[in-house]
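*Asks:* Here's a structure for you.
Please treat every number below as a calculation from the coordinates, not as lab data. The structure displayed is predicted, hence computed values, not measured ones. Glycine also receives a Cβ, built like all others from the backbone with ideal geometry; neighbour counts cover every protein chain displayed.
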Amino acid sequence: MRSVPESRGVPAPALVLALVLALCAACGSAHARHDAERMRRVVTELGGRAAADPAVPGLSIAVLQKGGDDPVAVAFGAACIENATPMTTQSRFKIGSVTKVFTGALVHRFIEEGRLSYDTTIDRFFPGFPDGGAITVRHLLEHTSGIADMLRLAEVLANPARQWTPEELVALVEKQPLAFRPGTRQSYSNTGFLMLAVICERVSGRTYEELVRETFTEGLGMKSLLPGNDTAIVPRLSCGYAGGPGNADKGDKGELRLPVPVSLTTAKGTGNLQAAPADVVRLVNLDRLLRNDVLDTVALEPLRLPDGQVALKPDRSGAFSLGELDGCSLLLFRDPELALVGKLGLFPGFGTAYLYDRRTRIAVAISVNNEGAMTGIVELGAAILNALRD
């Protein structure tokens with residue numbers, strides 16, 4: 001068979017198509033390299049300034065655009081001061097309430113599968129819980145249940161290092177009156193996400209730890225992600241600290257110290273996960289697991305309560321306002337003016353911020369091993385995302 005002749009020097013259509021595809025691939029690759037280089041410059045410059053704060057022992061930052069698989073990750077300072085261990089991008093942190101995004105995603109997956117609904121009442125899983133027939137999964141996700149926060153109970157505060165079981169904690173909470181009629185107010189409750197973790201277990205017949213491993217460690221490639229407990233030896237786990245020069249106005253004497261011992265096991269589903277920011281930032285790809293990824297679809301406005309009040313509170317620093325949404329948080333920054341979704345997590349000794357900018361489809365995850373430096377890393381995250389808007 002003869003080949004198709006070329007006419008007046010014009011290549012055959014197949015050759016033209018091949019050339020176009022090759023050029024597109026080359027341009028795309030060059031553009032991706034440029035974006036990664038620019039991200040690294042921004043993160044290194046702004047992160048370096050933040051890491052110079054004496055209140056920051058160590059800092060780890062990761063940035064990733066939706067659809068990507070190779071985060072730009074940078075680390076500064078020390079993971080453990082006592083042994084002069086440098087911080088690396090593989091260092092793990094206790095990520096506190098950022099855990100709630102993971103638990104919320106599990107719940108949303110069961111909702112999409114028809115095994116739960118937003119209107120499912122908790123008496124199905126916690127028979128005899130007072131007013132359980134009026135409290136729904138949505139109320140737990142939005143912190144509008146009125147259920148007391150287990151971490152503020154006198155018994156738990158008196159013995160925070162004890163490994164409280166979910167059954168013990170729910171039994172303690174059952175004795176407390178609801179703070180308000182479900183759905184009428186918003187008040188942060190760690191208990192709600194402990195209960196959601198238990199609900200996920202009872203719906204699936206799997207442990208919370210198994211669900212996390214299958215869904216996120218394997219499903220999204222979060223190799224450093226681990227549900228924590230109080231006895232396991234965790235490779236590359238950073239040491240946590242409190243205090244420091246940056247908190248002198250709060251009565252600190254200017255020295256870092258060890259934090260108050262608190263059980264990680266107790267915070268199941270609400271604050272018990274450990275990970276490196278380079279894996280936490282992979283939450284930007286939740287759409288690979290969910291048809292309706294709330295980080296991309298929830299309204300960028302605070303929850304409005306039945307009486308018309310807006311559930312939005314200014315942060316103590318005054319730099320931003322914070323509102324709780326459907327398993328995540330809304331953060332409205334004043335300078336720079338940004339509307340972001342994500343979650344902030346504190347655990348004694350640690351602070352983590354996960355922030356996502358829908359305009360650029362870029363997320364940043366930042367962890368610091370000093371709980372007192374939390375406000376600074378939130379502002380750093382906003383500054384990084386704002387710089388990447390250019």
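*Asks:* Arranged by the count of other C-beta atoms within 10 angstrom, fewest first, what order do 362, 233, 122, 95 take? Mind dumping the intermediate values first?
*Replies:* On the way: 362 23, 233 5, 122 26, 95 33.
Arranged by neighbour count, lowest to highest, 362, 233, 122, 95 become 233, 362, 122, 95.
*Asks:* Please state the relative contact order of the chain as a whole percent: Cα pairs under 8 Å, 6+ residues apart? Mind showing how you got there, number by number?
*Replies:* Details: 775 pairs, mean separation 88.4, N = 390.
Normalised by residue count, the contact order of the chain is 23 percent.
*Asks:* Here is a further query. GNM on the chain, C-alpha springs below 10 Å: top fluctuator among 244, 342, 128?
*Replies:* 128
*Asks:* What trypsin sites (Lys or Arg not before Pro) does region 288-317 have in DSSP loop regions with at most 16 other beta carbons within 10 Å? Numbers along the way, then the final one.
*Replies:* Numbers: sites: 288, 291, 304, 316; in loops: 291, 316.
For trypsin sites (Lys or Arg not before Pro) across region 288-317 that sit outside H, G, I, E and B with at most 16 neighbouring Cβ atoms in 10 Å, the list reads 291, 316.
*Asks:* For region 57-387, please report how many Lys pairs fall under 20 Å Cα to Cα, leaving out neighbours fewer than 8 apart on the same chain.
*Replies:* Taking region 57-387 as the scope, the lysine pair count is 12.
*Asks:* Select from 189, 224, 317 the residue whose mean-square fluctuation is largest in a Gaussian network model of the chain (Cα-Cα springs shorter than 10 Å).
*Replies:* Comparing 189, 224, 317 in the GNM, the peak value goes to 317.
*Asks:* If you don't mind, another one. Explain nothing, just compute: Karplus ³J(HN,Hα) = 6.51 cos²θ - 1.76 cosθ + 1.60, θ = phi - 60°, for every residue of region 79-89 in order, whole Hz, x for Gly and Pro.
*Replies:* 7, 9, 6, 4, 10, 6, 8, x, 6, 10, 6
*Asks:* Further, regarding this structure: Whole Å is fine, so just give me how far the alpha carbon centre of region 275-348 lies from that of region 185-199.
*Replies:* Using only Cα atoms, the two centres lie 16 Å from each other.
*Asks:* Still on this structure, please answer the following. Run through region 271-372 and list the GluC sites (Glu not before Pro) located in a DSSP loop whose Cβ has at most 16 other Cβ atoms within 10 Å.
*Replies:* Values: sites: 324, 337, 371; in loops: 337.
Here the GluC sites (Glu not before Pro) that fit, given the DSSP loop and packing criteria, are 337.
*Asks:* Have a look at the DSSP beta bridges in region 57-387 and tell me what percent are antiparallel, nearest 5.
*Replies:* Details: 50 of 52 bridges.
Bridges in region 57-387 that DSSP calls antiparallel: roughly 95 percent.
*Asks:* Taking the chain as a Gaussian network, where each spring joins two C-alpha atoms under 10 Å apart, which residue of 36, 62, 84 fluctuates the most?
*Replies:* Ranking 36, 62, 84 by mean-square fluctuation puts 84 first.
*Asks:* Okay, next question. What's the FRET efficiency of residue 171 with residue 83 using the Cβ-Cβ distance as r and R₀ = 51 Å, to the nearest 0.05?
*Replies:* Numbers: r = 41 Å, r/R0 = 0.81.
In this case the efficiency is close to 0.80.
*Asks:* With a cut-off of at most 11 other beta carbons within 10 Å, and DSSP calling the residue loop, which trypsin sites (Lys or Arg not before Pro) in region 142-192 qualify? Please list them. Intermediate values should be presented prior to the final figure.
*Replies:* Values: sites: 152, 162, 175, 185; in loops: 162, 175, 185.
Those that pass, being in a loop and sparsely packed, are 175.
*Asks:* Based on the Cα gyration tensor of region 288-337, what are the three equivalent ellipsoid semi-axes, each the root of five times an eigenvalue, rounded to whole Å and given largest first? If you can, show how the numbers build up before the last one.
*Replies:* Working: eigenvalues 95, 50, 14 Å².
For region 288-337, the semi-axes come out at 22, 16, 8 Å.
*Asks:* Another question about this same structure. Specify, per residue and in Å³, the volume enclosed by the convex hull of the alpha carbon atoms belonging to region 39-161.
*Replies:* On the way: hull volume 22.8 nm³, N = 123.
Output value, Cα hull per residue: 186 Å³.
*Asks:* Which is farthest toward the positive dipole end of region 86-167 among 130, 104, 141, measuring Cα position about the Cα centre, with Cβ charges +1 (Lys, Arg) and -1 (Asp, Glu)?
*Replies:* Positive-end residue among those listed: 104.
*Asks:* Then there is this: In nm, what is the difference between 0.36 nm times the number of residues separating residue 290 and residue 69 and their Cα-Cα distance?
*Replies:* Details: separation 221, 0.36 × 221 = 79.56 nm, distance 1.73 nm.
Additional length available on full extension: 77.8 nm.
*Asks:* Please list the three semi-axes, largest first and in whole Å, of the ellipsoid equivalent to the chain, using sqrt of 5 times the eigenvalues of its alpha carbon gyration tensor.
*Replies:* Details: eigenvalues 302, 155, 80 Å².
Result for the chain: semi-axes of 39, 28, 20 Å.
*Asks:* So, one more: When the dipole is taken about the Cα centre of region 57-387, and only Lys, Arg (+1) and Asp, Glu (-1) are charged at their Cβ, what size is it in debye, to the nearest 20?
*Replies:* The calculated dipole for region 57-387 is roughly 80 debye.
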